[in-house]
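The values are calculated or read from the model by the stated rules, or taken from the named source; none is laboratory data. Because the structure is a prediction, the values reported are computed rather than measured. Here the Cβ is made from the backbone with ideal geometry for all residues, glycine too, and neighbour counts use every protein chain on show.
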């Protein structure tokens, strides 16, 4: 196994721990993220917070834990705001900006 593959496995193992802890703590919320070795950044694929749990800081806490992993490895986090779950891209964009994300292009935001 190459050094790159070992690093990918280690980062993804750390992210799996974050996802598992959230699934145990808040089973109704969903978090899916992974390290992409081709682009060398973490991709947040999904953060879903049920309506009844919104505005309680859960999303921000998830992002904080992912940020801790990213900082530990000196890598960026990328996400694409998606309005499929009833929150507009504009609102999501504003929220993600509060957590340090900025637009890369019209689809993706990143956090260093």
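For residue 96, the conditions (1) closer than 20 Å to residue 12 by Cα; (2) under 11 Å from the mean Cα position of the chain (by Cα); (3) at pLDDT 90 or above are fulfilled apart from (1).
Scanning region 88-112 for residues that are outside any loop (DSSP other than H, G, I, E, B) and touching a helix residue (DSSP H, G or I) at 6+ places or on another chain (Cβ under 6 Å) yields a total of 2.
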